[in-house]
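Chemist: Quick one: the structure is below, questions incoming.
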Amino acid sequence: MLDVDGVLTDGRLYFGARGEALKVFHVRDGHGIKLLMYAGVHVAAVSGRRSAAVTARMRELGVSTVVQACRDKVAALQRIAKLSGVPILNCACIVDDTPDLPLMSAVGLAAAVADAHPLVLAAAHWVARSAGGQGAVRELCDELLRARSGRP
């Protein structure tokens, strides 16, 4: 489960003249997501905000499970896990800020981007070397693929 703002993006919000939100995504994160999906891993993006940019990027990557304007990410995780047939403790998340601490407690692998809030870093099982929006998701994807293959 991928958080969006601060994880798939650098956390900054850009607004155009008409009030439209613009987001910047890192291409390596996208490739990592595709590699995970090719390996049979179900990928979901869950955001507390709603954004057409997120919809477009996830569609482009082929991520079909996208929950936006989500007030309760743990409940979303439970629904997604049930529909996917995956036990929650076999799920992972990558986040950046304290609203996601309950989500981190619910999953088997809680990951954080390098520039996450200190409380998130302390709660994480794994921390990326890269900041949000700078390849942190790709690092997690690579770690998950390495773990699945049994290679060090």
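The values are calculated or read from the model by the stated rules, or taken from the named source; none is laboratory data. For clarity, every value in this text was computed on a predicted model and none was experimentally measured. Reconstructed Cβ throughout: ideal geometry from the backbone, glycine too, with neighbour counts over all protein chains shown. Quick note on the areas: whole protein, heavy atoms, side chains included, nothing else; ligands and nucleic acids left out. Shrake-Rupley method; radii C 1.70, N 1.55, O 1.52, S 1.80 Å.
Chemist: List pairs: first in the stretch 120-136 and of a type in the set (V, I, T), second at pLDDT 95 or above and part of a loop (DSSP other than H, G, I, E, B), Cβ under 8 Å, 6+ apart or cross-chain?
Modeler: V120/D96; V120/D97; V127/V113; V127/A114; V127/A116
Chemist: Go through (1) open to solvent by less than 30 Å² (accessible area, probe 1.4 Å); (2) in contact with a strand residue (DSSP E or B) (Cβ under 6 Å, 6 or more places away or on another chain); (3) β-branched (V, I, T) for I33 and report which single condition fails.
Modeler: (2)
Chemist: Could you give every pair whose Cβ atoms fall below 6 Å, whose first residue belongs to the stretch 63-82 and is among the aromatic types (F, W, Y), and whose second residue is at pLDDT below 95, counting only separations of at least 6 or pairs across chains?
Modeler: From residues that are among the aromatic types (F, W, Y), there are no pairs.
Chemist: List, please: which pairs have Cβ atoms under 9 Å, are six or more places apart or on different chains, and start with a residue in the stretch 1-15 that is open to solvent by less than 10 Å² (accessible area, probe 1.4 Å) and end with one that is of a type in the set (D, E) and assigned to a loop (DSSP other than H, G, I, E, B)?
Modeler: Pairs found: G6/D96; G6/D97; G6/D115; V7/D96.
Chemist: Looking at the stretch 145-152, is at least one residue open to solvent by 50 Å² or more (accessible area, probe 1.4 Å) and at pLDDT 95 or above?
Modeler: Kept after step one, since they are open to solvent by 50 Å² or more (accessible area, probe 1.4 Å), are these residues of the stretch 145-152: 146-152.
Next, only the ones that are at pLDDT 95 or above stay: none.
No, every residue in the stretch 145-152 fails to be open to solvent by 50 Å² or more (accessible area, probe 1.4 Å) and at pLDDT 95 or above.
Chemist: Which residues, counting only those in the stretch 98-127, are of a type in the set (G, A, S) and either over 12 Å from the mean Cα position of the chain (by Cα) or open to solvent by 30 Å² or more (accessible area, probe 1.4 Å) (or both)?
Modeler: From the stretch 98-127, those of a type in the set (G, A, S) are 105-106, 108, 110-112, 114, 116, 122-124; that's our starting set.
The answer is S105, A106, G108, A114, A116, A122, A123, A124.
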